[in-house]
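Each remark here refers to the structure printed beneath this line.
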Amino acid sequence: MLQIDDTLVSFDLVERQFLCDLSQCKGACCIEGDAGAPLEQKELAILQHILPVIWDDLSSEAQAVIKKQGVAYIDEGGETVTSIVNGKDCVFTCYDKEGICRCAIEKAFREGKIDFLKPVSCHLYPIRINRYETFSAINYNRWSICRAAEIAGRKENLPVYQFLKEPLIRKFGKDWYEKLDATAKEWLKQKGK
């Protein structure tokens, strides 16, 4: 692990490559899994505030779930996560004409209707953050649904942390990212990569 301030960064973020390929995975990370996307406390209020703007882009099933339990719930680990439909789809999913799963929140952001891109955990995916008392661990969540992204990343020689530069800066700040970049490059140089 690389230590950047009070975070421990998995070597996988530096040594593995990644480049999303939605044409291959069809947005499976918003569909598959056993829980919704982790939310920060301030994001819960934002999601409730923007709900009227994105409501019509949500499926009738998602609307029913939100009416019954809200935009989020507490998962088995005690974490606040987005509500899900039928045990899989995030309630904020919508599908384009090619059948690719998209985020209704991000769609509204791209259309200039809201100023919130999407939950930071979604923006950071496939990175997951585990918080402990004195530090945070930042890990690359490898999953078979992202195999095409790993292949595309290797083709472009694009490390996970560079692919996710924007969300890492959003979460930890530009100075933190620059420290990570410098440390990662030094680490790779020492390994002869």
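The values are calculated or read from the model by the stated rules, or taken from the named source; none is laboratory data. Remember, predicted model here, so these are calculated numbers, not experimental data. Heads up, the Cβs are rebuilt from the backbone with ideal geometry, glycines too, and the neighbour counts pull from every protein chain shown. All accessible areas refer to the heavy atoms of the entire protein, side chains included, with ligands and DNA or RNA removed. Shrake-Rupley method; radii C 1.70, N 1.55, O 1.52, S 1.80 Å.
Close contacts from the range 130-153, counting a first residue that is at negative phi and free of Cβ contacts under 8 Å to residues at least 60 places away in the same chain and a second that is surrounded by 13 or more Cβ atoms within 10 Å (Cβ to Cβ) and in a loop (DSSP other than H, G, I, E, B), with Cβ to Cβ under 7 Å and a gap of 6+ residues or different chains, come to 141/126. Within the range 95-119, the set of residues being in contact (Cβ under 8 Å) with a residue 12 or more places away in the chain, part of a helix (DSSP H, G or I) and in contact with a Leu (Cβ under 9 Å, 6 or more places away or on another chain) comprises 104, 105, 106. Restricting attention to the range 110-138, the residues that are under 22 Å from residue 181 (Cα atoms) and open to solvent by 90 Å² or more (accessible area, probe 1.4 Å) total 1.
Yes or no, residue by residue, for (1) among the aliphatic types (A, V, I, L, M); (2) out of contact with any Pro (no Cβ under 9 Å at 6 or more places or on another chain); (3) under 25 Å from residue 73 (Cβ atoms):
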site: 94; (1), (2), (3): no, yes, yes
site: 119; (1), (2), (3): no, no, yes
site: 156; (1), (2), (3): no, yes, no
site: 185; (1), (2), (3): no, yes, no
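Quick one: would you say residue 77 is of a type in the set (Gly, Ala, Ser), open to solvent by 30 Å² or more (accessible area, probe 1.4 Å) and at pLDDT 90 or above? Before you say what the answer is, go through the steps one by one.
On the way: of a type in the set (Gly, Ala, Ser): yes; open to solvent by 30 Å² or more (accessible area, probe 1.4 Å): yes; at pLDDT 90 or above: no.
Considered against the rule, which asks whether it is of a type in the set (Gly, Ala, Ser), open to solvent by 30 Å² or more (accessible area, probe 1.4 Å) and at pLDDT 90 or above, residue 77 comes out as no.
Taking the criterion of being touching a residue at least 60 places away in the same chain (Cβ under 8 Å) and within 17 Å of residue 85 (Cβ to Cβ), the residues of the range 42-74 that qualify are 47, 54. Checking each residue in the range 57-72 for being open to solvent by less than 60 Å² (accessible area, probe 1.4 Å) and either in a strand (DSSP E or B) or on the phi < 0 side of the Ramachandran plot (or both) picks out 57, 58, 59, 62, 63, 64, 65, 66, 71, 72.
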